[in-house]
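Visitor: Before we start, here is the structure in question, set down as structure tokens.
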Amino acid sequence: MTGIAGKVIAITGASSGIGEATARHLAEHGAIVVLGARRSNRLETLAASIISKGGKASYLVTDVRQRQDVAALVGLATERYGKLDVLINNAGIAPISRLDDLRVDDWDDMIDVNVKGVLYGIAAALPVFRRQGFGHFVNTLSTAGIRIVPTMAVYAGSKNAVRAISEGLRQEAGPSLRVTTISPGYVDTELPSSMTDSELRQQGQTAMKAIAIPASAIAEAIAFAIRQPDNVDVGEIVVRPTAQA
Ligand code: NDP
């Protein structure tokens with residue numbers, strides 16, 4: 001099915017930033033969006049806003065660290081709308097720090113959300129996609145995984161784990177499935193709020209104010225991949241501010 005209209009698209013991390021912008025953009029182009037994240041008030045407001053503009057949206061409180069939550073999100077899409085065309089594994093956190101600081105709990109959290117959360121998405125959607133004979137995974141990586149700098153080691157590692165998983169998935173998928181990765185650079189979102197080191201959080205917020213691009217730029221790029229004909233797989237997308245080193 002070429003295009004965006006009529007596609008059922010589930011999005012994790014839909015309550016703010018890139019996920020929210022992508023949900024709005026895809027819904028404006030006729031997609032039925034199924035929104036997952038932990039903050040129910042944000043999801044409710046977003047779904048209501050999409051519906052008030054004539055779009056179709058449902059939401060389910062979803063913690064991607066819980067396999068059953070991600071399965072339930074995919075289940076909501078298939079039970080309510082009869083299919084799932086696209087799963088956007090977008091939920092992510094970035095409590096970055098230097099390795100010397102040994103913030104091991106933050107390392108665990110990044111692996112749990114950024115890596116295992118994506119794997120749970122694959123576990124939930126892959127059988128559905130196989131049964132249907134079509135499906136599209138869109139996984140959010142980061143330019144942090146391309147140019148690796150101090151404080152970003154574990155975050156970059158989590159994103160590059162998903163890069164490898166995505167390529168393995170593509171290799172195994174066969175001609176009926178599509179796998180896209182998108183690596184945003186600095187995007188103006190709430191991501192710095194997940195930073196537990198206050199100095200780095202401050203720096204992140206300042207850098208974002210200085211050069212970040214809007215989340216809508218990433219939404220446009222994701223929409224580009226989704227609207228291609230079924231036999232066109234947009235593999236890797238990188239979108240960063242021109243001012244980013
Ligand atoms: P936001 O903080 O605005 O969005 C992150 C989203 O992830 C929120 O909706 C949050 O929702 C959700 N999330 C966090 N933890 C969980 C969880 N355990 N279960 C379910 N959802 C969760 O930041 P962005 O929009 O920037 O982040 C989106 C993606 O983009 C992330 O994967 C991030 O790594 C990536 N990225 C962002 C860049 C940037 O500069 N902003 C650059 C490169 C990549 P809630 O708290 O309600 O659960």
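Visitor: Within the range 227-241, how many residues turn out to be more than 11 Å from the ligand (Cβ to nearest atom) and in contact with a strand residue (DSSP E or B) (Cβ under 6 Å, 6 or more places away or on another chain)?
Guide: 4
Visitor: Do we find a residue being part of a loop (DSSP other than H, G, I, E, B), of a type in the set (Lys, Arg) and either in contact with a Ser or Thr (Cβ under 6 Å, 6 or more places away or on another chain) or surrounded by 15 or more Cβ atoms within 10 Å (Cβ to Cβ) (or both) anywhere in the range 62-69?
Guide: Within the range 62-69 (the criterion being part of a loop (DSSP other than H, G, I, E, B), of a type in the set (Lys, Arg) and either in contact with a Ser or Thr (Cβ under 6 Å, 6 or more places away or on another chain) or surrounded by 15 or more Cβ atoms within 10 Å (Cβ to Cβ) (or both)), the answer is yes, since at least one residue qualifies.
Visitor: Restricting the search to the range 193-221, which residues are crowded, with 21+ Cβ neighbours inside 10 Å and under 18 Å from Thr151 (Cα atoms)?
Guide: Correct list: Met195, Gly204.
Visitor: Answer yes if at least one residue in the range 45-59 is modelled with pLDDT of 95 or more, within 15 Å of the chain's Cα centre (by Cα), within 13 Å of the ligand (Cβ to nearest atom) and among the hydrophobic types (A, V, I, L, M, F, W, C), and no otherwise.
Guide: no
Visitor: Kindly provide the set of residues from the range 116-138 that are in a loop (DSSP other than H, G, I, E, B) and open to solvent by less than 50 Å² (accessible area, probe 1.4 Å), ordered by number.
Guide: Within the range 116-138, Gly133 is the sole residue that qualifies.
Visitor: Another question about this same structure. Would the range 97-115 turn up any residue that is within 16 Å of the ligand (Cβ to nearest atom), among the hydroxyl-bearing types (Ser, Thr, Tyr), at pLDDT 95 or above and outside any helix (DSSP H, G or I)?
Guide: Yes, because at least one residue in the range 97-115 is within 16 Å of the ligand (Cβ to nearest atom), among the hydroxyl-bearing types (Ser, Thr, Tyr), at pLDDT 95 or above and outside any helix (DSSP H, G or I).
Visitor: Quick one: Ser158 ticks every box in (1) open to solvent by less than 10 Å² (accessible area, probe 1.4 Å); (2) touching a strand residue (DSSP E or B) at 6+ places or on another chain (Cβ under 7 Å) except a single one, so which number is it?
Guide: (2)
Visitor: Output the residues belonging to the range 19-45 that are out of contact with any strand residue (DSSP E or B) (no Cβ under 6 Å at 6 or more places or on another chain) and surrounded by fewer than 24 Cβ atoms within 10 Å (Cβ to Cβ).
Guide: Ala21, Arg24, His25, Glu28, His29, Gly30, Arg38, Arg39, Asn41, Arg42, Glu44, Thr45 - these are the residues of the range 19-45 that are out of contact with any strand residue (DSSP E or B) (no Cβ under 6 Å at 6 or more places or on another chain) and surrounded by fewer than 24 Cβ atoms within 10 Å (Cβ to Cβ).
Visitor: For residues in the range 164-211 being closer than 26 Å to Asp112 by Cβ and in a loop (DSSP other than H, G, I, E, B), which is farthest from the ligand (Cβ to nearest atom)?
Guide: Asp197
The values are calculated or read from the model by the stated rules, or taken from the named source; none is laboratory data. The model shown is predicted, which means the values in this text are computed figures rather than measured ones. Ideal geometry is used to build each Cβ from the backbone, glycine not excepted, and the neighbour counts take in all protein chains shown. Surface accessibility is based on the protein's heavy atoms, side chains included, excluding ligands, DNA and RNA. Shrake-Rupley method; radii C 1.70, N 1.55, O 1.52, S 1.80 Å.
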